[in-house]
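Enquirer: Dumping the structure here so I can ask a few things about it.
Each value in this text was obtained by applying a stated rule to the coordinates, not by laboratory testing. Because the structure is predicted, anything quoted here is derived from the model rather than measured. Positions of Cβ are backbone-derived with ideal geometry, glycine not excepted, and every protein chain shown enters the neighbour counts.
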Amino acid sequence: MATPLPIVKPDPAERFSRICSDCGVCTSSLRPHVKDACAFLVQKYDELEIAVQGHARRAETDELYFGPYEKIFRVRRRRPIAGAQWTGVVTTVAMRALERGLVEGVILTGTEPGTLNKPMPVLARTPEEVLACRGNKFGLSPTLEKIDDAIAAGLKRVLVVGTPCQFHALRVIEPTLPFEDLWCLGILCSDNTTHENYQTFLKSVSRSPETVVHMEFMPDFRLWMRHVNGEIEKLNFVEIPMHEIGPDLIAPSCRVCFNYTNSLADLSVGYMGGGMPDQQWLLIRNAKGWRLLDLIRDDVDLTEPTEGGNRALAMKGFLSQLGKPYAKGAPRPVKKLIAFLQRRIGPRGLEFARTRIEMKLAEGLFTARRKAAHRESLLVPRYAYAPLEKYILPGEAGPPTPPPARRSGRGATASQAVKAMDPVSIG
């Protein structure tokens, strides 16, 4: 019988320097599964989508961008929850799941005591404990560590609120877990970082960084920051001083992430395809997703998604700057004009979502090819290429095409897999 790998707590700075999203697998009893489960060692999104959702992405539909789904809605809670990131949709789903006995526990991310926004894994057993975790936390969090606590408590029905990379690992490991029923409520996630880097970022963008509770990159092309007194501070995307912040803000794992929309969830909730100021978008991916939605039908308003504008100009500008050092850019009045035009003629609704996804796919593929080209087939899912077939990445002669299908990686040990990982600079 093989000796289990020890549970270790590597230095967060060391993990951040490599392609690691600190999901919680390596820092829990799940560590023996790392070579199969980690999305940044050998991603399995293509095959997992078929296994979880029943089919691959249908290229003639928006599944090409958003992953397999059955229905998309815009959603808002009729009576917003005070202190929630938006109106409290995710919080309400998790609370109702406990109240109605669908699950016995909810694994999610709370806030470390004594801080306003430092993430901390939580196993919630009551609706009140879920409510205390409301609001998004901008920062890497080893949420899956709490699976150990759920198993130790003898729980059989569990809901996990998690990010795409966490659900990649969870779906691989799921058959080995002693749960009778596992539910996955997915949040959309992109460009995460450490809590320390997040504080540095806030100092560069906010007039009062020490009082920021929540932050979101909104579809009106502005950064919204909510303070403890309820005030919302806004800053145009084009005015964010990235030339001062530098290239080391975002986690290397996020620079090679290709699953922004959390396609392995039962129900995905986020902002990209929603409406201003407080509508999110909700993607029902399977029968379990419908059951989660049924929990909150009396609490929310559902409307059809809308769209407008065109992403062609935005993508042209993005690709022209991809891979270049951050520059100070145009004078402030010009940036104000650019922001005005973005809101007037830029992509909106579902078109904004497609734009953001194409940008992430392009950045991810560009980064993988420049920093870890020998691992492209291990890092990049096959579905990532089709949305980019009308573009040419910087320095390339034509639209990107996938490398030959990879051979099975069976036989590699976890330590060998970790040694094969290359640090990925985001410069």
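Enquirer: Calculate, in nm to one decimal, what Arg344 and Arg207 gain on full extension: separation in residues at 0.36 nm each, minus their alpha carbon distance. Walk me through the intermediate numbers first.
Expert: On the way: separation 137, 0.36 × 137 = 49.32 nm, distance 2.67 nm.
Going from the current span to full extension adds 46.7 nm.
Enquirer: Now for a different question. Over segment 312-392, what is the relative contact order in whole percent, taking alpha-carbon pairs under 8 Å and six or more residues apart? Could the numbers behind the result be given before it?
Expert: Details: 22 pairs, mean separation 26.2, N = 81.
Once normalised by length, the contact order is 32 percent.
Enquirer: Report the local net charge at Met215: Lys and Arg +1, Asp and Glu -1, summed over other residues whose C-beta lies under 12 Å from its C-beta.
Expert: Working: positive: Lys137, Arg222, Arg226, Lys234; negative: Asp191, Glu216, Glu233.
Its environment carries a net charge of +1.
Enquirer: What is the spread of the Cα atoms of segment 190-253 along each of their three principal axes, largest first, in whole Å?
Expert: Sorted from largest, the Cα extents of segment 190-253 read 33, 24, 21 Å.
Enquirer: Full extension from Leu64 to Asp278: what is 0.36 nm times the residue separation minus their Cα-Cα distance, to one decimal in nm?
Expert: On the way: separation 214, 0.36 × 214 = 77.04 nm, distance 2.62 nm.
Gain on extension, Leu64 to Asp278, equals 74.4 nm.
Enquirer: By per-residue mean of other Cβ atoms within 10 Å, what is the highest-first order of 282-293, 331-342? Can you show the working numbers first?
Expert: Numbers: 282-293: 20.6, 331-342: 13.6.
The densest-packed peptide leads the list: 282-293, 331-342.
Enquirer: Using amide H atoms built 1.01 Å from N in the peptide plane, name the residues 5+ places from Asn236, or on other chains, whose amide H lies under 5 Å from its own.
Expert: Here Leu223 satisfy the definition.
Enquirer: Could you rank the peptides 165-174, 361-370 by their average count of other C-beta atoms within 10 Å per residue, with the highest value first?
Expert: Details: 165-174: 24.3, 361-370: 21.3.
Ranking, from highest mean packing down: 165-174, 361-370.
Enquirer: Another question, if that's okay. Roughly how many debye, to the nearest 20, is the charge dipole of segment 312-392 about its Cα centre, given +1 on each Lys and Arg Cβ, -1 on each Asp and Glu Cβ, and no other charges? Walk me through the numbers on the way to the answer.
Expert: On the way: 18 positive and 5 negative charges, 84 e Å.
The dipole of segment 312-392 has a size of about 400 debye.
Enquirer: Which one, Pro121, Pro381, Pro325, has the greatest fluctuation when you compute a Gaussian network model over the chain with C-alpha springs under 10 angstrom?
Expert: Pro325
Enquirer: While we're on this one: Using the beta-carbon distance between Glu180 and Thr126 and R0 = 30 Å, what value does 1/(1 + (r/R0)^6) give for FRET efficiency, to the nearest 0.05?
Expert: Values: r = 20 Å, r/R0 = 0.68.
Efficiency for this residue pair is about 0.90.
Enquirer: Something else: How big is the antiparallel share of DSSP beta bridges in the chain, given as a percent to the nearest 5? Mind showing how you got there, number by number?
Expert: Numbers: 31 of 43 bridges.
Beta bridges within the chain, antiparallel portion: roughly 70 percent.
Enquirer: Compare the peptides 54-62, 86-94, 308-316 by average per-residue count of other Cβ atoms within 10 angstrom and give them in order, highest first.
Expert: Working: 54-62: 13.2, 86-94: 24.9, 308-316: 15.4.
Ranking, from highest mean packing down: 86-94, 308-316, 54-62.
Enquirer: Determine which aspartates and glutamates satisfy two conditions relative to Lys316: a Cα distance under 18 Å, and not lying fewer than 8 residues away in the same chain.
Expert: Glu351, Glu358, Glu363, Glu389, Glu396
Enquirer: Filter Lys234/Lys336; Lys203/Lys234; Lys44/Lys360; Lys71/Lys146; Lys336/Lys390; Lys234/Lys335 down to the pairs with a C-alpha to C-alpha distance above 20 Å, please.
Expert: Lys71/Lys146; Lys336/Lys390
Enquirer: Per residue, how big is the convex hull of segment 312-392 when only Cα atoms are used? Give it in Å³. List each step's numbers first, then the result.
Expert: On the way: hull volume 7.9 nm³, N = 81.
Dividing the Cα hull volume of segment 312-392 by its residue count gives 98 Å³.
Enquirer: Where does the chain land on Rg(C-alpha)/(2.2 N^0.38 Å)?
Expert: On the way: Rg = 20.6 Å, N = 427, 2.2 N^0.38 = 22.0 Å.
That works out to 0.94 for the chain.
Enquirer: So, one more: Please compute the net charge surrounding Phe366, taking Lys and Arg as +1 and Asp and Glu as -1 over other residues with Cβ under 13 Å from its Cβ. Working shown, then result.
Expert: Details: positive: Arg255, Lys324, Lys360, Arg369, Arg370, Lys371; negative: Glu358, Glu363, Glu376, Glu396.
Value of the local net charge: +2.
Enquirer: In whole Å, what three semi-axes, largest first, describe the equivalent ellipsoid of segment 24-140 built from its Cα gyration tensor (square root of 5 times each eigenvalue)?
Expert: On the way: eigenvalues 157, 101, 42 Å².
Listed largest to smallest, the semi-axes of segment 24-140 are 28, 22, 15 Å.
Enquirer: Based on DSSP H runs of at least 4 residues, each adding -39500 (n - 2.57), what is the mean residue ellipticity at 222 nm of the chain after dividing by all its residues, to the nearest 500 deg cm²/dmol? Don't skip to the answer; put the middle values down first.
Expert: Numbers: 17 runs with 138 residues, N = 427.
Taken over the chain, the calculation gives -8500 deg cm²/dmol.
Enquirer: Which net charge results for the neighbourhood of Asp248, defined as the other residues with beta-carbon distances under 13 angstrom from its beta-carbon, given Lys and Arg at +1 and Asp and Glu at -1?
Expert: Working: positive: Arg255; negative: Asp191, Glu196, Glu244.
Spelling it out: positives minus negatives among the neighbours equals -2.
Enquirer: Mind giving me the FRET efficiency for Asp191 and Lys390? R0 is 30 Å, r the Cβ-Cβ distance, nearest 0.05 is fine. Provide the component values of the computation, followed by the final result.
Expert: Values: r = 24 Å, r/R0 = 0.79.
Efficiency at R0 = 30 Å is approximately 0.80.
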